Each structure stands twice: as structure tokens, then as C-alpha cells.
């Protein structure tokens with residue numbers, strides 16, 4: 001009986017002993033020499049801006065739009081690109097076999113994401129005293145475009161010429177695009193070119 | 001020549017030589033640091049400062065620091081700021097520490113089956129986990145999948161090209177006329193997913209990868225899809 005009691009007491013004491021041993025383990029706190037307490041420098045993570053875009057789709061008129069774009073720096077040459085464009089798609093109706101296949105006031109909403117690569121980087125100056133850095137970048141974007149009641153995959157490849165001021169930046173862009181929308185393919189309106197001008201801030 | 005006159009001449013010459021040597025040493029010790037117009041080595045140097053010039057940091061972009069002496073501004077790489085003697089050492093270490101890329105990666109991918117994907121890869125305890133959303137072509141035959149799993153490095157081709165495998169569980173969805181995942185109906189389906197990738201570290205924060213993926217539906221059909229993807233990753 002006494003033996004059994006001893007075994008039970010020993011069994012109950014085991015987890016406690018284990019916890020006690022665990023709490024005695026030396027776990028030093030990682031030191032960072034107070035670096036976290038030093039006031040950090042402002043960080044520029046990317047560019048955010050808005051602009052005017054002019055789109056010329058095949059078999060269609062030039063259409064205006066609002067382009068909102070963001071670029072997140074991924075290195076010295078690369079950046080990630082995100083953009084949303086809202087604009088007019090059609091101002092002329094197309095009727096085929098008595099059916100309206102394109103309305104006379106269709107809007108287009110497009111969003112895309114992709115990457116940009118700085119091909120050339122340099123300095124622009126007219127006075128020789130002040131200089132503005134510029135970047136010529138190639139940009140690839142993939143996304144979706146919604147126009148009328150249909151939508152399709154949007155793919156674009158273009159160039160962007162950016163002038164980087166201290167507080168603001170401005171960019172001129174041009175691109176070639178393709179849309180895999182069956183309705184637009186039937187209208188032969190599934191591709192085109194676009195040019196845009198944007199102004200923005202750093203964030 | 002008299003000995004006294006000879007000593008005098010020798011002393012004069014020695015003083016002159018010492019003066020010249022001291023001047024040369026002083027000018028050689030004067031190091032100049034070039035500051036660039038933009039945050040990359042391709043941007044030209046717009047002005048130079050001596051290592052003793054008082055410079056103040058304005059902002060940081062990646063591994064580059066915009067500094068000013070209150071008259072001019074220019075960019076310098078964080079690896080070079082130790083050359084500026086006026087720069088506080090603790091601030092310098094803070095900047096170098098902050099410029100280190102993190103373990104979390106954001107990924108954008110394009111695949112051979114006309115799909116695009118967004119992923120996040122991060123360290124959770126000792127495992128590297130990923131979560132991805134992939135979307136196929138738009139329309140009635142559209143499809144998409146959500147996927148999560150574990151990824152690990154298993155080799156390297158060169159120092160900057162690493163090989164990884166990944167394995168996970170997915171959830172596939174499709175449009176009304178789509179037969180991408182299921183032939184009989186359009187109900188969502190669970191997927192088993194895996195892949196192998198080669199990732200090239202292009203820049204400090206940026207990686208490009210090529211990945212081969214396989215996904216299998218976990219139902220009676222066991223529909224299998226094999227794709228190749230080009231992926232872009234940033235480390236944050």
C-alpha cells in the first residue's frame with residue numbers, strides 16, 4: 001500500500017519537476033543594441049498617381065479615361081505595377097442584324113497588375129544648376145477589362161518615361177494592349193494603343 | 001663648402017622635403033564621396049563631398065539614402081555611408097539594419113494556361129508557408145483556385161539561383177460552362193497541389209522565378225493540370 005502511494009506521489013510530481021526544469025532553462029533575450037529606439041528615416045516605398053489616358057481601340061474612336069496607378073519599388077530597376085482605369089469605351093452604337101452589339105454610351109473599367117523594368121536612367125537639366133532624374137521603363141500588365149455586359153483578359157506592354165521630382169513625379173506612357181473578350185473580338189475591337197500622362201506623389 | 005654651411009643647406013632641404021611630404025599626405029587623406037541624382041548606380045554623380053562634410057539623411061528608398069548638406073541633395077548607397085565621418089554611427093547601423101530585406105515575399109505570376117496569380121510567402125515559426133490565388137481566363141468558362149501549403153529550399157544552381165519545392169491543398173471554383181475542374185457539374189472541389197521552382201535573386205529585394213505546377217482534383221475524376229509559370233517576387 002505504502003509502495004503504491006509512493007508511486008502515485010512520484011507520478012504526480014513528474015510534470016511539476018519537468019515544468020520546474022523547463023523554467024530554469026536560460027533563454028537570453030536577443031539584443032539589438034537599441035537600434036529600434038533610434039528615430040528612423042522616412043522611407044519611400046513607391047509612387048502613387050492619377051492621370052489622363054487616351055485609348056484608341058481598333059474599329060473605335062479615341063476614348064478618354066481616368067488612370068490611377070501605383071508603383072511599388074522592388075529594387076534599383078524593378079517595380080511592381082498596379083493600375084485602375086475608368087473611362088468611356090464607346091460613343092457610337094453598332095447594330096448587327098437588328099441587334100445592338102455595342103451601345104452608344106458604354107463605359108470601360110479596367111484593372112491590371114504587373115511589373116516595370118527601368119531600361120535607362122539619367123539626368124535632365126536645362127539650366128545646368130538643377131537636375132531632374134528621369135527613368136525610361138518597360139511595363140507589362142495583366143488584368144481584366146469590363147465594358148458593356150462583357151469582360152475579358154487585358155494584357156498590355158508599354159513604355160513609361162518618368163521624371164522624378166523631390167516631392168512629385170510625372171510620367172508619360174504609351175502601351176499596346178489586347179483584350180480576350182469574345183464580343184469585342186467579333187467587333188474587331190479587341191486591341192489597340194493607349195497613351196497617358198500622370199502626376200503623383202511618393203509614398 | 002664649409003661644414004656649417006653644408007649642415008644649414010641640408011637642414012633647409014630637409015624642411016622643404018618634409019613640408020612637401022606633409023602637404024601630399026594631407027591631400028591624399030581627403031576622400032571624396034560622389035552623390036548621385038537618383039537611387040541607382042546608373043544615375044550620374046551630381047556632386048561630390050568630402051568625408052568630413054555634415055550630411056543629414058532625408059529619406060531612404062530600398063538600399064539608397066537621400067542625403068543633404070542643406071544646399072545640395074544626392075543619393076548614396078547604405079553600404080557607403082560609413083565613409084561619411086560626420087554621420088552618427090548608431091543612425092548608420094539603424095539604416096543598414098532597416099535596409100535589409102525581410103522574409104515575407106509578395107508574388108505575381110503568369111502561367112501557361114493564361115492564368116495569373118497573387119501569392120504571399122512567409123515564415124511561420126520554422127516553416128515557410130505560402131497562400132495563393134490563381135484566376136483563369138474570364139467568361140463563362142472561367143476558373144479560379146485558392147491554395148495554401150508549405151515550401152522549402154532543396155538546392156541551388158548558383159549562389160543567386162535557388163531551387164524550391166512546394167506542396168499544398170487547394171480549393172477550385174469554376175464558371176457555369178467551365179469543365180476545368182469538373183466535367184459533370186460546377187461545384188467547387190478540393191485540390192492537391194505541388195510544384196518545383198527555380199528562383200533567381202535579381203536584386204536585393206527582387207526575385208524572378210520559373211515554376212512547374214501540378215494540381216489534381218481530390219474527387220473521383222482526379223482531373224490533373226500541369227502548368228509552367230513565370231513569377232515576380234518582392235521581399236518586404
The stretch B:45-103 - residue that is at the interface with chain A (Cβ under 9 Å from one of its Cβ atoms) and assigned to a loop (DSSP other than H, G, I, E, B) and, of those, nearest to residue A:203 (Cα to Cα): B:62
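Pick out the one residue from A:202, A:134 that is farther than 15 Å from residue A:55 by Cβ, in contact (Cβ under 8 Å) with a residue 60 or more places away in the chain and facing chain B (nearest Cβ under 10 Å). Let's see the steps before the verdict.
Working: A:134 fails: in contact (Cβ under 8 Å) with a residue 60 or more places away in the chain.
Testing whether each residue is farther than 15 Å from residue A:55 by Cβ, in contact (Cβ under 8 Å) with a residue 60 or more places away in the chain and facing chain B (nearest Cβ under 10 Å) leaves just A:202.
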The condition from (1) part of a loop (DSSP other than H, G, I, E, B); (2) more than 9 Å from chain A (Cβ to nearest Cβ) that residue B:41 misses is numbered (2)
Among the residues of the stretch B:166-178, is there at least one that is at pLDDT 95 or above, surrounded by 15 or more Cβ atoms within 10 Å (Cβ to Cβ), in contact with a strand residue (DSSP E or B) (Cβ under 9 Å, 6 or more places away or on another chain) and closer than 17 Å to residue B:233 by Cα? yes
Looking across the stretch B:104-132 at residues that are loosely packed, with under 14 Cβ neighbours inside 10 Å and free of Cβ contacts under 8 Å to residues at least 60 places away in the same chain, the single one that is farthest from the other protein chains (Cβ to nearest Cβ) is B:127
Single condition residue A:74 does not satisfy, out of (1) within 9 Å of another protein chain (Cβ to nearest Cβ); (2) surrounded by fewer than 22 Cβ atoms within 10 Å (Cβ to Cβ): (2)
What are the residues in the stretch A:121-131 that are part of a strand (DSSP E or B) and more than 8 Å from every other protein chain (Cβ to nearest Cβ), if any? A:124
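Just for strands (runs of 3 or more DSSP E) wholly inside the stretch A:68-119: which have at least 1 residues that are without any contact (Cβ under 8 Å) to a residue 40 or more places away in the chain and under 19 Å from the mean Cα position of the chain (by Cα)? So that I can check it myself, show each step before the final result.
Details: elements: A:78-90, A:94-96, A:99-102.
Output list reads A:78-90.
The values are calculated or read from the model by the stated rules, or taken from the named source; none is laboratory data. The structure presented is a predicted model; accordingly, all values stated were derived computationally and were not measured. Every residue, glycine among them, receives a Cβ derived from its backbone with ideal geometry; neighbour counts consider all protein chains shown.
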